[in-house]
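The values are calculated or read from the model by the stated rules, or taken from the named source; none is laboratory data. Source: prediction; values computed, not measured. Cβ placement follows ideal geometry from the backbone for every residue including glycine, while neighbour counts extend to all protein chains displayed. Each accessible area value is taken on the protein alone, full model and side chains, heavy atoms only, with ligands, DNA and RNA left out. Shrake-Rupley method; radii C 1.70, N 1.55, O 1.52, S 1.80 Å.
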Amino acid sequence: MKYTETGCAPAALDILHHVGVINTDLDILSERYEKLGFLLTPVSTPKIIIEPGGNPTALGVGNRHAIFKNNYLELLGIVDPQRWKNMPKDKLGPYNIDIPLKRYHGLHVMHLGTSHIELVKERFREQGIPCSDIKNFQRNVQTDKGEQTMRARTISFPPEMIPEGLLQVAQHDTPELVFQPQFMVHSNGAVAPSELILCCENPKEYVNKYERLTDSKAVKMEDDYFIIELGHSKIIVIAVERLAEIVPNCAPPAIPFMAAFTVETSNLQLTRNALLKNGIPFTEKGGHVIINADDAGGCAVIFKGR
C-alpha cells in the first residue's frame, strides 16, 4: 500500500481541511478576527445544488477565510437575510446553519481533508459508516486575475451521528484558487490551524468514532483525555471536567461542543503584539497565548509557538 507524505494510508484523513466559526453577523465576526491579527479574504458566497439536476444556488450566507499553506480558518454568517429566510431548510443538509446557531454562536465546522476522496468513500462503505454520496461544492473567490470559482467535493454524515457539529470530509479540486500567497501573511504570526478541541461527556465513545472516520489511532493521555494524530493536524477529545485545564474560564454552552482551536504561530511575540495593539485581552498558560471565547466569536483560540 502506498502512503502519503504524512505516513497515512491514502484512504485516511490526515489534516484539518478547515475549521469554521459561525455567527449570524459575518461583519461583526470578521472585525473581531481581524483584531486578533488575521488577514481575511473578501466575502465569498457558497453555492450548492439543492434539487437533483439543478444548478448551484447561492444560499444567502457568506464566508471569509484566513488562509494558510495547507488549510484555513472559515468565518461563516448570513449576508442576505431575506434569501436565507426563503431557503428550503429541509433540503440544505449540512449547510443549514440555523441548526448549529440555535445551540450557540462559535466553533461548529470541522472538515477533515483528503486527496483521495473516492478511496475514503469506498472505505466508509466497506466499514459500514453511514455517509452521503460525494457532492460538489463551489464558491466565488477573488484572485489577481479577477473573480473565479473555487470547487471542492465533500462527504457528509447523518446529523444524529455528529451531534458535536458540522463534520464533513473535503477535497480541493482547485487548490490554487484557495491557497493564494497574498492572503497568507498574518500580523499575529499565524501559520496553521493545527488542533481542534472537542469537549464531551463520553470521550471514549467519540474517540472510537473518530478513529473509524479518520483511520488513525488515538493516543490516550488520561482516561478522559485523548489525542488523535492525523498527520498534519490533531483532534483533542476531552471530558467536560478537563476543559479548564486547556481553556481556562470556558463555560460549555452545550454538550458536546467544539470548544477551541489551536493556531501555530511563527513567533508568539508577534501574536502578543497584535493583540495588545488591538486591545484584545489574553491569558498565558503553558507557554500558549489564549483568547477567551467571549473575545473570539464564541470559541476560544489558542496560539502556540512552533
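Taking the numbered list (1) assigned to a loop (DSSP other than H, G, I, E, B); (2) of a type outside the set (S, T, N, Q); (3) over 18 Å from LEU40 (Cα atoms) in turn, VAL169 passes all entries but (1). For region 277-292, the condition holds for at least one residue, the condition being that it is closer than 30 Å to LYS102 by Cβ, open to solvent by 50 Å² or more (accessible area, probe 1.4 Å), assigned to a loop (DSSP other than H, G, I, E, B) and out of contact with any Phe, Trp or Tyr (no Cβ under 9 Å at 6 or more places or on another chain).
Which residues, taken from region 272-306, are among the aliphatic types (A, V, I, L, M) and touching a strand residue (DSSP E or B) at 6+ places or on another chain (Cβ under 9 Å)? Matches in region 272-306: LEU275, ILE280, VAL289, ILE290, ILE291, ALA293, ALA296, ALA300, VAL301, ILE302.
Of the listed requirements (1) in a loop (DSSP other than H, G, I, E, B); (2) touching a helix residue (DSSP H, G or I) at 6+ places or on another chain (Cβ under 7 Å), LEU75 misses just one: (1). Here is the figure for region 226-238: residues that are among the polar types (S, T, N, Q) and open to solvent by 10 Å² or more (accessible area, probe 1.4 Å) total 0. ALA66 meets all of the listed conditions (1) among the aliphatic types (A, V, I, L, M); (2) assigned to a loop (DSSP other than H, G, I, E, B); (3) open to solvent by less than 10 Å² (accessible area, probe 1.4 Å); (4) touching a Phe, Trp or Tyr at 6+ places or on another chain (Cβ under 7 Å) but one, namely (2). Restricting attention to region 180-225, the residues that are over 20 Å from HIS108 (Cα atoms), in a strand (DSSP E or B) and open to solvent by 10 Å² or more (accessible area, probe 1.4 Å) add up to 7.
Within region 120-137, one or more residues are open to solvent by 40 Å² or more (accessible area, probe 1.4 Å) and at pLDDT below 95. Selection of first residues in region 78-95 that are among the β-branched types (Val, Ile, Thr) and of second residues that are modelled with pLDDT under 90, restricted to Cβ pairs under 9 Å at least 6 apart or on distinct chains, gives the following pairs, ordered by first then second residue: VAL79/THR45.
Here GLU34 passes the criteria (1) open to solvent by 50 Å² or more (accessible area, probe 1.4 Å); (2) in a loop (DSSP other than H, G, I, E, B) except the one numbered (2). Filter region 254-272 down to the residues that are open to solvent by 10 Å² or more (accessible area, probe 1.4 Å) and either modelled with pLDDT under 95 or among the polar types (S, T, N, Q) (or both) and list them by number. Scanning region 254-272 gives SER266, ASN267, GLN269. Taking the criterion of being farther than 12 Å from GLY106 by Cα, over 17 Å from the mean Cα position of the chain (by Cα) and open to solvent by 10 Å² or more (accessible area, probe 1.4 Å), the residues of region 8-31 that qualify are CYS8, ALA9, PRO10, ALA11, ASP27, ILE28, GLU31. The residues of region 38-63 include none that are outside any loop (DSSP other than H, G, I, E, B), closer than 22 Å to ALA296 by Cα and open to solvent by 40 Å² or more (accessible area, probe 1.4 Å).
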